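This report refers to the structure that appears directly beneath it.
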Amino acid sequence: MAKLFPAIVPELRAFIEKQQMFFVASAPLTAEGHVNMSPKGLDCLRILSPERVAYLDLTGSGNETSAHLRENGRITLMFCAFAGPPRILRLYGHGRTVLPGDAEWATLRPMFVDYPGARQIVVADITRVQTSCGFAVPRYDYVAQRATLLDWATAKGPEELEEYRAEKNACSIDGLPTPLGDQLTKEPAS
């Protein structure tokens, strides 16, 4: 049974903070474009206010969310209770990407763990908060976060990560440019 909330109320904040992972969904405006859904783990989400959240986004094989946010801003974050009472929580809103060098980066970045491979922060202004039953979500026992992505980023090092981002993160699979791609292609100031 779906229930709407005016914002992220304390009960829902406590639920979010207990989750070991969440999912991020976004889509381009064109019907031919690909809808994206990405799982996020590690300690990377912060609730900035009852109407705003942010997550530290690490370097990965794509950058779909950032491209979609640049184009249309639409974003949904979903949290599922894999332990305890069943529940699904969706945060609908409009997001933007904050890059290293942006004025807001200096304020937001210290709020997060210093993970290797951090490429951007996604900030979402929440316009709808909705729970649903989650009765069909299976129960799982949490074991641990994987270190694979962190180990990969550490092994690459800053220069190889920058090269990787230029190759893999400058645009979406549908060819939409990302803010990171814009930053990578800027001419250096003379």
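Taking every C-alpha pair closer than 8 Å and separated by at least 6 residues, the mean separation divided by the residue count of the chain gives a relative contact order of 26 percent.
Think of it as helices only: each DSSP H run of n ≥ 4 in the chain is worth -39500 (n - 2.57), and spread over all residues that comes to -7500 deg cm²/dmol at 222 nm. With no solvent and one point per C-alpha, what does the Debye sum give as log10 I(q)/I(0) for the stretch 3-183 at q = 0.11, 0.13, 0.18 Å⁻¹? For the requested q values the scattering log ratios are -0.48, -0.68, -1.28.
Maximal additional length on extending the L48-R128 stretch stands at 27.2 nm, based on 0.36 nm per residue less the C-alpha distance. Each label was represented as a point 7 Å from its Cα along the Cα-to-Cβ direction; for D151 and K3 these points are 4.2 nm apart. Site pair A166 and M21 shows an inter-label distance of 3.3 nm when each label is modelled 7 Å from Cα along Cα→Cβ.
Cross-link partners of K18 among lysines, defined as those whose alpha carbon lies under 28 angstrom from its own and excluding same-chain residues fewer than eight positions apart: K3, K40. Most tightly packed first, judged by the mean number of other beta-carbon atoms within 10 Å of their residues, the peptides 172-181, 57-66, 101-110 read 57-66, 172-181, 101-110.
Once the C-beta distance of E159 and R13 is scaled by a Förster radius of 41 Å, the resulting FRET efficiency is 0.55 to the nearest 0.05.
Using the Cβ-Cβ distance between D141 and H94 with R0 = 41 Å, the FRET efficiency computed as 1/(1 + (r/R0)^6) comes to roughly 0.70. Residue-wise HN-Hα couplings along the stretch 121-136, as the Karplus relation 6.51 cos²θ - 1.76 cosθ + 1.60 with θ = phi - 60° gives them from phi, are 10, 9, 10, 10, 8, 8, 10, 8, 10, 9, 10, 9, 4, x, 4, 9 Hz; Gly and Pro carry x. Against the main long axis of the alpha-carbon atoms of the chain, helix 148-168 sits at an angle near 50°.
What lysines could a cross-link reach from K186, if we take a straight Cα to Cα line under 27 Å and drop same-chain neighbours fewer than 8 places away? Partners within reach: K156, K168.
Read-outs: derived from the displayed coordinates by stated rules, not from any lab. This structure is a prediction, so every number in the text was calculated from the model and none was measured. Here the Cβ is made from the backbone with ideal geometry for all residues, glycine too, and neighbour counts use every protein chain on show.
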